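Below: the structure, in structure tokens.
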Amino acid sequence: MLPSIVAVGTIPLPPNSNCASLQRRRNTSPSSSQHHTITLLRRCKTIQELHQIHAKILKTGHSQDPHLLFKLLHHCSTLNSIDYAFKLFETIQAPDVYHYTALICGSIVSGHSDACFRLFFRLLEGQIMPDLVVISYVLKACGIELSMEEGRQVHGHALKLGVGNERLVSMRLIEFYGKCGVFGDAEKVFDGMPQRDAVATTILISCYSDWSFIEKARTLFDNVGDKDTACWTAMINGLVENGMTSAALELFREMQGEKVPPNEVTVVCVLSACSQLGALELGRWIHSYVGRFGIKRNTYVGSTLVDMYSKCGSLEEAKKVFDEMPNKDVVSYNSMIAGLALNGRSREAAELFKQMIDRGLSPNHITFVGVLNACSHGGLVELGYEIFESMTKVFSVEPRIEHYGCMVDLLGRVGRLDEAYEFIGRMRIQPDHVIWGTLLNACKMHRNLDLAEKVAEILMKSDAADSGTYVLLSNVYASFGKWSEAVGIRSKMKDHGIQKEPGCSSIEVDNEVHEFLLGDIEHPRRDEIYQKLEELSDALKLEGYSPEKQVVLQDIEEDEKEWALSIHSERLAICYGLISTKPMATIRVVNNLRVCNDCHSLIKFISKITGRRIVLRDRNRFHHFEDGFCSCGDYW
DNA sequence: CCTGTGTAGA
């Protein structure tokens with residue numbers, strides 16, 4: 001389908017306009033005073049300096065100099081001051097297409113892509129001739145915002161202006177249609193490009209990955225003759241984003257085999273795979289790679305390293321990278337705060353939050369997720385309230401559902417259940433199944449059947465419930481001995497075709513990640529692992545360990561493999577660690593679900609009798625086991 | 001030109 005052209009009205013096409021000649025060239029060369037100001041702007045490092053330069057321009061009567069205004073606008077976006085850019089823009093009496101482009105570009109960079117289409121519309125209304133550059137940026141914005149209608153209209157304008165086949169426009173069109181998931185149109189533009197364009201292919205690969213069409217992406221990728229760094233990186237990232245971390249790492253190895261040099265983006269993607277897998281050794285290796293191969297240590301690389309070390313349970317290394325980062329930004333702080341929270345260092349997380357404020361950085365919504373999460377993990381109720389209040393009052397950050405979620409968790413975890421319930425009632429947005437699930441779990445922890453039933457009823461009615469919610473519901477009923485309800489949930493799950501997410505644990509030994517699924521293992525050293533398991537259980541019995549008869553979903557299943565299923569994958573991974581690593585080595589295991597009470601106390605005992613440090617990462621935090629104790633203080 | 005960081009509950 002061709003995009004609608006009429007929707008935005010007539011475009012003022014000047015007579016004899018030949019769009020191929022629409023090049024961005026100014027017919028005047030800057031005067032020497034302009035030149036001086038531009039040099040000042042280029043050296044300008046803070047928005048305050050920019051204000052001064054602007055003041056000077058006003059004083060010298062150049063307030064409407066188009067070239068200077070363009071440079072000013074452009075610099076606002078590099079200095080992250082889109083607000084000032086908008087104010088400045090409004091003072092321009094006759095903005096031209098360059099001013100619009102600068103503002104649109106700045107809006108995209110600062111995460112305000114939604115403003116771009118409005119600006120473009122204003123440009124058209126002002127009888128200003130758009131060019132291929134401004135069209136390209138607006139298309140980019142439409143892709144980010146998934147604005148189907150707007151993007152189609154811009155496509156129409158591009159065709160009408162005759163720039164529809166410009167390489168830049170074609171690429172943005174592919175990006176726009178691809179991001180919106182309209183691959184028919186994306187492919188149509190792609191096929192219309194003169195030659196098989198490697199860059200355009202990279203865009204398409206990335207879009208297919210965004211929509212989880214990994215096979216499509218892979219086919220395109222395999223057919224690119226001369227793959228550059230970005231192309232490899234796009235494919236690696238696609239695999240990482242779709243949870244295919246092992247395949248991503250394999251592709252990274254292949255990339256090295258092909259002697260394509262990775263850049264900082266590649267490193268970020270591979271580190272992200274390490275974080276997901278908990279592959280500390282590999283992560284360290286990539287880190288050393290950064291130093292050795294001249295990869296830029298920008299804030300992306302730094303923050304990702306902090307995240308990787310945190311998620312691999314090595315907080316010391318995370319802190320070291322963080323402390324050594326020269327230009328820490330909000331994201332760097334966010335990584336470190338979340339990392340501290342994840343590892344149960346709540347006070348330190350809160351202190352770092354204070355420190356970032358003192359340094360004049362503005363916290364964003366993610367910062368607050370991190371620090372509120374730290375409060376809830378640490379039981380810091382009053383501090384949590386204080387910070388939550390400060391969001392709107394001090395920092396003008398509107399709380400989102402996840403912030404409310406942190407607060408419900410904070411209150412529920414310490415047993416202030418009614419307060420949590422009332423808190424949900426006062427929320428300014430509709431609570432979702434996550435919020436109710438959080439409260440329900442708190443009810444289970446604190447054995448409040450009345451409230452649990454009330455919440456369960458609400459959850460049953462919600463249609464957004466996912467497999468985790470169903471499992472939670474069923475476990476809650478079972479834990480209160482409500483068998484028929486528990487069975488009812490289970491059959492409801494079956495009816496809805498919802499599968500329980502299988503438990504999976506992984507452990508990295510000698511740079512290789514070994515994955516274990518619940519119960520059945522197809523591991524070369526299966527017998528030794530099971531032998532170790534037996535051995536431990538005998539030793540544990542002597543130590544006085546008796547498994548809590550936790551009633552879980554499996555107990556009401558008729559399953560001949562029940563015994564195997566009762567062995568959670570983290571136990572298998574730990575046993576494998578015990579038999580395959582040096583006697584005093586720390587064992588690091590990553591699990592995809594929450595560790596159950598039973599495994600948690602079992603692992604405490606294992607750490608005691610084997611003298612090993614065991615670091616277990618579960619769904620949302622770390623447990624550092626040592627000599628019979630866990631860093632979470634059994635509070636998780 | 002294309003590729004990238006940080007995010008509550010279970």
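The values are calculated or read from the model by the stated rules, or taken from the named source; none is laboratory data. Since we're looking at a predicted model, the values are computed, not measured. Glycine gets a Cβ as well: all are built from the backbone with ideal geometry, and neighbour counts include every protein chain shown. For accessibility, only protein heavy atoms count, side chains too; no ligands or nucleic acids. Shrake-Rupley method; radii C 1.70, N 1.55, O 1.52, S 1.80 Å.
Students sometimes get this wrong: rank A:Ile366, A:Ile458 by accessible area, probe 1.4 Å, all chains present, largest first.
Most to least solvent-accessible, the answer reads A:Ile366, A:Ile458.
Based on the Kirkwood radius over alpha-carbon pairs, what value in µm²/s does the Stokes-Einstein equation return for the translational diffusion coefficient of the stretch A:328-399 at 10 °C and 1.306 mPa s?
Approximately 136 µm²/s, per Stokes-Einstein.
Give the dimensionless ratio obtained when the Cα radius of gyration of the stretch A:567-636 is divided by 2.2 N^0.38 Å. Don't skip to the answer; put the middle values down first.
On the way: Rg = 10.8 Å, N = 70, 2.2 N^0.38 = 11.1 Å.
The reported ratio for this selection is 0.97.
Rounded to two decimals, what is the ratio between the C-alpha radius of gyration of the stretch A:362-427 and 2.2 N^0.38 Å?
Here the answer is 1.01, to two decimals.
Over the stretch A:48-194, with every protein chain in place, what whole percent of the accessible area is carbon and sulfur at 1.4 Å, could you tell me?
Carbon-and-sulfur percentage of accessible area, whole number: 54.
Tally up the carbon and sulfur contribution to the accessible surface of the stretch A:423-501 as a whole percent, 1.4 Å probe, everything protein left in place.
51 percent
Quick one: which of A:384-392, A:173-181 comes out on top by average Cβ neighbours within 10 Å, and what's the full order, highest first?
In descending order of packing, they fall as A:173-181, A:384-392.
Per-residue counts of other Cβ atoms within 10 Å, averaged by peptide: what ranking do you get for A:621-630, A:479-488, highest first?
Values: A:621-630: 18.7, A:479-488: 15.4.
In decreasing order of mean packing, A:621-630, A:479-488 become A:621-630, A:479-488.
Sorted by average packing, counted as other Cβ atoms within 10 angstrom per residue and highest first, what order do A:256-269, A:277-290, A:129-142 take?
A:129-142, A:277-290, A:256-269
Counting each pair of different Cα atoms once, what's the Kirkwood radius of the stretch A:423-501 in Å, rounded to one decimal?
About 12.7 Å, per the Kirkwood formula over Cα pairs.
So what's the stretch A:261-384 giving for Rg/Rh, alpha carbon basis, Kirkwood Rh from the mean inverse pair distance?
The Rg/Rh ratio comes out at 0.99.
Using a 1.4 Å probe, how large is the accessible area of A:Lys87, given in Å² and rounded to the nearest 10?
Taking all protein chains as shown, A:Lys87 has close to 140 Å².
Please determine, in degrees from 0 to 90 and to the nearest 10, the orientation of helix A:330-342 with respect to the longest principal axis defined by the Cα atoms of chain A, where the helix direction is its Cα long axis.
Computed tilt is about 10 degrees.
Reachable lysines from A:Lys140, Cα under 19 Å, same-chain residues fewer than 8 places away excluded?
Result set, ordered by chain and number: A:Lys160, A:Lys179, A:Lys188.
Give the residue from A:His67, A:Val138, A:Ile424 lying farthest towards the positive end of the charge dipole for chain A; charges sit on Cβ (+1 for Lys and Arg, -1 for Asp and Glu) and the dipole is referred to the Cα centre.
Working it through, the farthest residue towards the positive pole turns out to be A:His67.
Quick one: accessible area per residue over the stretch A:328-399, 1.4 Å probe, rounded to a whole number of Å²?
Roughly 42 Å² per residue, with all protein chains present.
Give, as a single signed number, the net charge of other residues whose beta carbon lies under 14 Å from the beta carbon of A:Arg297, with Lys and Arg counted +1 and Asp and Glu -1.
Charge balance near A:Arg297 sits at 0.
With a 1.4 Å probe and every protein chain left in place, tell me how much accessible area A:Phe86 has, in Å² to the nearest 10.
Its heavy atoms expose roughly 60 Å² to the probe.
Quick check: residue separation of A:Asp627 and A:Lys87 times 0.36 nm, minus the Cα distance between them. What number comes out in nm? Present the calculation step by step, with values, prior to reporting the outcome.
Values: separation 540, 0.36 × 540 = 194.40 nm, distance 6.12 nm.
Using 0.36 nm per residue and subtracting the Cα-Cα distance, I get 188.3 nm.
A:Arg43 label point, 7 Å along Cα→Cβ, cut-off 18 Å on backbone N: hits in the stretch A:74-100?
A:75
Nothing charged except the Cβ atoms of Lys and Arg (+1) and of Asp and Glu (-1): what's the magnitude of the dipole of chain A about its Cα centre? Round to the nearest 20 debye. Numbers along the way, then the final one.
Details: 69 positive and 80 negative charges, 476 e Å.
Charge dipole, chain A, about its Cα centre: 2280 debye, nearest 20.
Is it possible to state the helix-based mean residue ellipticity at 222 nm for chain A, with each DSSP H run of 4+ residues giving -39500 (n - 2.57), the sum divided by total residues, to the nearest 500 deg cm²/dmol? What is it?
That calculation yields -19500 deg cm²/dmol at 222 nm.
Using 7 Å Cα-to-Cβ label points, what is the A:Asp329/A:Ile609 separation (nm, one decimal)?
So the label points at A:Asp329 and A:Ile609 sit 5.2 nm apart.
So what's the projected area for the stretch A:48-194, the Cα convex hull averaged over all directions, in nm²?
That works out to 8.6 nm².
Measure out, as a whole number of angstrom, how far apart the alpha-carbon centroids of the stretch A:523-540 and the stretch A:154-174 sit.
Using only Cα atoms, the two centres lie 64 Å from each other.
Largest first and to the nearest Å, give the Cα extent of chain A along each principal axis.
In descending order, the Cα extents are 92, 55, 50 Å.
Over the stretch A:95-163, what lengths in whole Å, largest first, do the semi-axes of the equivalent ellipsoid take, defined as the square roots of 5 times the eigenvalues of the alpha-carbon gyration tensor?
Rounded to whole Å, the semi-axes are 16, 15, 10.
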